[in-house]
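The structure appears below as structure tokens.
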Amino acid sequence: MVEKHGMKIFVSEVRRYKKILFPHLSHYSTEREKPDGDNLSTENTKQDTSASEGVLRITLYVLNEIGQKELANKLEKHIYGELDVCQRKLRQKLKRFEYIYEGTVRHGDQTLLNKVYTELYITEGLSENVNNEHEVRQIEAASRRSMTKDKQIKCEDIFHSLCGSDRFIRTVLTTGIAGIGKTISVQKFNLEWAEGRVNQDIQLLINLPFRELNLMKERRYTLTELLHIFLTEAKESGISDFSKYKLVLIFDGLDECRLPLDFNNNEPCSCVSDQVSVDVLLTNLFKGNLLPSAHIWITTRPAAARRIPVNCVDRVTEIRGFNDPQKEEYFRKKISDQNMASRVISHVQSTRSLHIMCHIPVFSWISATVLQKILEEKSHESRGEMPNTLTKMYTHFLVHNSLIKCQKYSLREEVCETQSQVKMNEEMILKLGKLAFEQLLKGNIIFYENEISEYEINVSDTAVYSGVFTEISKNDFGIHLKRSYCFVHLSIQEYFAAVYVFHTFICSNLNLLEPEGSLTVQEASSEVTGLLQSAVDKALQSENGQLDLFLRFLLGLSHESDQLKSILATMRSTLPNNEEVTEYIKEKISQNLSPERCINLFHCLSELNDQSLVEEIQKCLSSGSLSEITLSPSLWSALVFVLLTSKDELNEFDLRKYSRSEEGLQRLLPVIKESKITL
């Protein structure tokens with residue numbers, strides 16, 4: 001009886017589908033055939049509905065399998081309607097973002113987003129000033145700010161008005177430094193909508209990454225054509241008038257945009273059927289001339305935020321990354337052995353520069369990877385010291401990823417520490433280093449396949465270095481017109497750049513930091529000290545601190561280069577005149593530099609294992625009040641550095657303890673600005 005009833009449902013539904021698909025065939029019944037009423041009851045209605053849904057899925061599957069995609073789309077639209085069909089397909093596609101890739105895109109290395117995701121602080125606030133400082137400087141500043149008084153907003157609420165207001169928030173600009181979690185937040189937003197958990201009033205999400213819009217620079221489209229490219233489900237479902245739906249357009253990575261975004265000179269466009277350049281479409285979208293009722297979300301690193309005019313933005317939010325409790329939470333999620341996690345947390349907390357950098361989720365991942373690997377070694381003697389500077393941490397990370405290549409990708413069974421393998425490692429590292437350095441000077445962090453081929457980098461080989469350099473299109477949204485690549489984090493690009501510049505000087509006697517053509521290999525000084533001094537000068541000449549972290553890495557490599565020998569066969573040990581270099585840096589500190597410049601130079605001294613200025617000012621502090629002590633310019637800078645990098649929050653700053661002079665007031669002005677109350 002059950003089988004007979006089921007077959008009747010199946011036959012009835014299939015006949016109905018035939019009528020829908022082939023209405024011109026009149027010999028089919030015009031009425032939907034139903035199973036005999038004697039065999040039906042009210043209790044069976046839900047089961048029959050479920051069975052009908054199953055028959056439809058089977059039919060759609062068969063039609064797609066035999067290449068009848070148009071018929072499948074026609075049937076699905078008739079049964080569900082165009083919006084339902086589009087949403088079903090879109091939700092299914094977006095659910096693949098339940099996985100994230102931490103530094104790699106290799107099959108099997110993905111991690112469930114919810115397993116390691118730690119809630120990020122997103123704060124609301126409009127700012128007229130664009131921060132052009134190097135992002136590590138911004139991390140330093142952020143680490144000093146209390147998050148408790150910020151107006152926090154959840155990712156899913158970025159388009160919602162606060163305090164019961166009914167204000168329509170059309171365009172949101174979200175800023176955050178590299179690796180802070182902008183793309184992960186976009187991924188989370190998409191996934192939670194796809195799973196039906198939040199923002200169900202939104203009918204369609206369309207992701208338009210700038211890295212793919214770049215590749216359409218020379219083409220012309222109507223707005224409908226452009227949206228169909230990035231949301232093929234809409235085109236398949238027959239949706240062409242997007243103004244009918246509640247729509248969210250997500251533009252991730254404004255800092256990667258190579259389009260001019262000429263708001264001043266682009267022609268106005270308010271018709272979705274006008275075929276114009278992509279740049280014109282974007283500027284008119286952001287101005288509200290096109291799809292004025294659509295929500296727009298733009299993410300960017302801070303320095304690029306100025307590319308969108310203030311009058312085109314309704315809300316600015318900032319992703320702050322991890323605060324101290326969240327850093328610990330991340331390590332405990334990432335490292336399953338809680339005893340080991342505690343040791344990692346303890347080491348990070350004991351080293352101020354590492355603790356500050358863990359404000360960035362990507363650096364927390366790097367630290368967890370490196371420190372866990374070191375602690376897993378069998379004995380303390382075999383694992384050596386725990387890295388306590390940025391350079392040591394990144395060198396461990398590079399060595400770790402090079403060994404992964406040997407272990408996972410060698411065709412041989414034996415350990416592949418052979419000369420040929422080391423040579424292959426070295427060639428790839430130096431090619432990536434050259435790419436990193438030259439593109440760093442240009443301000444590029446995203447590279448397309450044709451660009452990296454200019455450096456004779458084999459794209460297939462770079463896959464084995466995906467822990468440091470990775471293909472990004474596979475994990476992102478969009479249509480993938482070309483493959484695009486990047487270093488896992490800007491700081492890794494800066495580290496590779498420093499390795500390349502240092503290695504080139506040691507092995508070729510060529511200072512790449514000098515103006516092109518001013519030095520030849522024969523004329524270049526063999527003194528590493530000269531290279532380091534020119535690097536200090538070059539970094540200080542950069543208006544936005546573009547080379548600050550590069551400088552720290554270069555100094556650290558000069559101080560301890562032995563570890564690089566395991567993967568760079570041609571690397572030679574160096575003995576720079578540390579005293580001469582540190583005195584040169586201290587001389588710069590004594591000059592009238594900005595607090596941010598001085599802070600970076602003190603970190604540079606730490607890379608050279610010189611803490612003399614900090615120790616001297618700490619002795620002065622321990623002796624009591626500094627109000628009557630005359631300090632040198634260097635010690636004033638050291639005092640500001642100690643106060644600003646202290647773990648204690650500047651709730652109340654008693655200026656009277658330090659100076660009553662006008663000079664003291666001027667010198668301590670950066671501390672006064674950061675403190676909540678000054679006495």
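When we screen 335, 366, 308 for residues that are closer than 30 Å to residue 605 by Cα and touching a residue at least 24 places away in the same chain (Cβ under 8 Å), the only hit is 366. Restricting attention to segment 170-204 and to residues that are aliphatic (A, V, I, L, M) and surrounded by fewer than 17 Cβ atoms within 10 Å (Cβ to Cβ), the residue that is nearest to the chain's Cα centre (by Cα) turns out to be 198. Looking at 277, 353, 342, 293, just one residue is out of contact with any strand residue (DSSP E or B) (no Cβ under 9 Å at 6 or more places or on another chain) and more than 25 Å from residue 176 (Cβ to Cβ), and that residue is 342. Is segment 568-591 home to any residue that is outside the structural domain of residue 426 (by TED's automatic domain parsing), within 30 Å of residue 325 (Cα to Cα) and either modelled with pLDDT of 70 or more or not hydroxyl-bearing (Ser, Thr, Tyr) (or both)? No - not one qualifying residue is present in segment 568-591. Kindly list, by first and then second residue, each pair from a residue in segment 501-514 that is within 16 Å of residue 440 (Cβ to Cβ) to a residue that is β-branched (Val, Ile, Thr) and surrounded by 18 or more Cβ atoms within 10 Å (Cβ to Cβ), limited to pairs with Cβ atoms under 7 Å and residues at least 6 apart or on different chains. Hits for this filter: 512/501; 512/504; 513/501.
Checking each residue in segment 205-238 for being outside any helix (DSSP H, G or I), crowded, with 16+ Cβ neighbours inside 10 Å and within 25 Å of the chain's Cα centre (by Cα) picks out 205, 206, 207, 208, 209, 231. Just a yes or no: is a residue in segment 660-671 at pLDDT 75 or above, under 16 Å from residue 620 (Cβ atoms) and under 35 Å from the mean Cα position of the chain (by Cα)? Yes; the residues of segment 660-671 include at least one that is at pLDDT 75 or above, under 16 Å from residue 620 (Cβ atoms) and under 35 Å from the mean Cα position of the chain (by Cα).
Got at least one residue in segment 258-281 being assigned by TED's automatic domain parsing to the domain that holds residue 122, within 23 Å of the chain's Cα centre (by Cα) and either farther than 24 Å from residue 484 by Cα or at pLDDT below 90 (or both)? Among the residues of segment 258-281, at least one is assigned by TED's automatic domain parsing to the domain that holds residue 122, within 23 Å of the chain's Cα centre (by Cα) and either farther than 24 Å from residue 484 by Cα or at pLDDT below 90 (or both), which makes the answer yes. State whether one or more residues within segment 632-641 are farther than 25 Å from residue 391 by Cβ, polar (S, T, N, Q) and either modelled with pLDDT under 75 or outside any helix (DSSP H, G or I) (or both). Yes, segment 632-641 contains a residue that is farther than 25 Å from residue 391 by Cβ, polar (S, T, N, Q) and either modelled with pLDDT under 75 or outside any helix (DSSP H, G or I) (or both). Picking from residues in segment 301-334 that are under 30 Å from residue 372 (Cβ atoms) and basic (Lys, Arg), the one that is modelled with the highest pLDDT is 332. Just give me the residues in segment 311-332 being among the basic types (Lys, Arg) and in contact (Cβ under 8 Å) with a residue 60 or more places away in the chain, in sequence order. Residues satisfying the conditions are 315, 320. Condition first: surrounded by fewer than 17 Cβ atoms within 10 Å (Cβ to Cβ), assigned to a helix (DSSP H, G or I) and modelled with pLDDT under 85. Can you find one or more residues in segment 349-362 that meet it? Looking for residues that are surrounded by fewer than 17 Cβ atoms within 10 Å (Cβ to Cβ), assigned to a helix (DSSP H, G or I) and modelled with pLDDT under 85, one finds at least one in segment 349-362, hence yes. Within segment 239-257, if we keep just the residues that are assigned to a helix (DSSP H, G or I) and of a type outside the set (Asp, Glu), the residue that is nearest to the chain's Cα centre (by Cα) turns out to be 254. Just for helices (runs of 4 or more DSSP H) wholly inside segment 435-508: which have at least 3 residues that are modelled with pLDDT under 80? In segment 435-508, 459-462 are the helices (runs of 4 or more DSSP H) which contain 3 or more residues that are modelled with pLDDT under 80.
On inspection, residue 336 fails the criterion of being surrounded by fewer than 20 Cβ atoms within 10 Å (Cβ to Cβ), not in a loop (DSSP other than H, G, I, E, B) and not assigned by TED's automatic domain parsing to the domain that holds residue 179.
Within segment 259-272, one or more residues are under 15 Å from residue 227 (Cα atoms) and either aliphatic (A, V, I, L, M) or assigned to a loop (DSSP other than H, G, I, E, B) (or both). Candidates are the residues of segment 278-300 that are within 13 Å of residue 268 (Cβ to Cβ) and of a type in the set (A, V, I, L, M); the one that is surrounded by the most Cβ atoms within 10 Å (Cβ to Cβ) is 281.
The values are calculated or read from the model by the stated rules, or taken from the named source; none is laboratory data. Keep in mind that this is a model prediction, so the values were computed, not measured. Cβ: placed from backbone, ideal geometry, glycine included. Neighbour counts: every protein chain shown.
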